[in-house]
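Below is one structure; the comments refer to it alone.
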Amino acid sequence: MTCILEEQNGTHITEFILLGFGNVENVNMSLFLLFLAIYIVTLSGNLLIVALVVAEQRLHTPMYFFLANFSFLEICYTSSILPRMLASFLTGNKAISLWGCILQMHFFSFLAATECYLLAVMSYDRYLAICRPLHYVTLMSDRTCTLLVSVSWITGFLLITILTCLSGQLIFCRQFTIDHFLCDFTPLVRLSCSDTSVIETAAFVTSSIGIVPTFIITVASYGFIISTILRIPSRTGRKKAFSTCSSHLTVVSFFYVSLMIVYILPTTGKFKDLNKILSLVYTVLTPMANPFIYSLRNKDVKDIVRKAFYQVLNFSGIH
């Protein structure tokens, strides 16, 4: 990060208080245990997906290559939020430095933007597999897969770095409490007592360039996919075609629906707590659920997990 926070007159606040879910000792310990369990399950499930794709030759296909990247991203995504949240539950210390807040916002936003790109790439992959099967191998070569994933990560990073650099120039001199469990862009900008028109314009432009097109690609891909599946004459054929994309469609639906509701709902008054709960859905619960969704709705993954489980049992001498 090359952006340097400028020392300016009136910059008094050097740390924020993330209010999170309140500060009751018994509740904090219960929340610590709950989110620790969620974090362990998220890491274990997504690491298992990555390990299976790397180790199993049968899964060396574009769809699983994208899935492994997506699972790795989910590990990073959750790790940008939960460790600090767990520490605050355990110690009761809700303070976070100005630069710590900006860095959390940077990594969380960068990974969220990259997730939008990867979801669009995975949707396009399913579109080619179902709507243009004869050209799939040619169009989705190893080089193309690597290029699409690289562009997703790099573009997400560059777009958010622009906002991070501008955030580093903001002045905070009055309010220092953030009624959220993470440093998100909108709550942070609203606390600034300097002119935020430039950064708000930049956020609008980066969203228009980055997030909106990925959403359109995802929706359009599934529009063509559903149209193609409905034209398949046999019920078995329709079911087989839909099974290849149902997992991804479920993940896309959870992510975008919760994300859109969070940013449409007001963040004040009676909607404040609802906003936090829905934020948990796409930041914490969806990354935990993804491995289960892909495992339970995917025959290849289920077969490989079952095979590995039996091998472990045989190796340990349990029959």
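The values are calculated or read from the model by the stated rules, or taken from the named source; none is laboratory data. This structure is a prediction, so every number in the text was calculated from the model and none was measured. Note: ideal-geometry Cβ built from the backbone for every residue, glycine included; neighbour counts use all protein chains shown. With ligands, DNA and RNA removed, areas are computed over all heavy atoms of the protein, side chains included. Shrake-Rupley method; radii C 1.70, N 1.55, O 1.52, S 1.80 Å.
Brief remarks follow.
- Scanning segment 14-62 for residues that are open to solvent by 90 Å² or more (accessible area, probe 1.4 Å), touching a Ser or Thr at 6+ places or on another chain (Cβ under 9 Å) and modelled with pLDDT of 90 or more gives a single hit, LEU47.
- Top-ranked residue in segment 63-83 [being of a type in the set (Gly, Ala, Ser) and under 22 Å from ILE96 (Cα atoms); ranked as least open to solvent (accessible area, probe 1.4 Å)]: SER80
- Members of segment 162-200 found to be open to solvent by 30 Å² or more (accessible area, probe 1.4 Å) and within 23 Å of SER80 (Cα to Cα), listed by number: ILE162, CYS165, LEU166, GLN169, PHE176, THR177, ASP179, PHE185, THR186, PRO187, ARG190
- Pairs are defined by a Cβ separation below 6 Å, a sequence spacing of at least 6 or placement on different chains, a first member in segment 208-221 that is closer than 13 Å to ASP125 by Cα, and a second member that is surrounded by 13 or more Cβ atoms within 10 Å (Cβ to Cβ) and at pLDDT 90 or above; the pairs so defined are ILE217/ALA120; THR218/LEU119; THR218/ALA120; THR218/SER123; SER221/SER123; SER221/TYR124; SER221/TYR127.
- Scanning segment 201-223 for residues that are surrounded by 15 or more Cβ atoms within 10 Å (Cβ to Cβ) and at pLDDT 85 or above yields ALA202, ALA203, THR206, THR214, PHE215, ILE217, THR218, SER221, TYR222.
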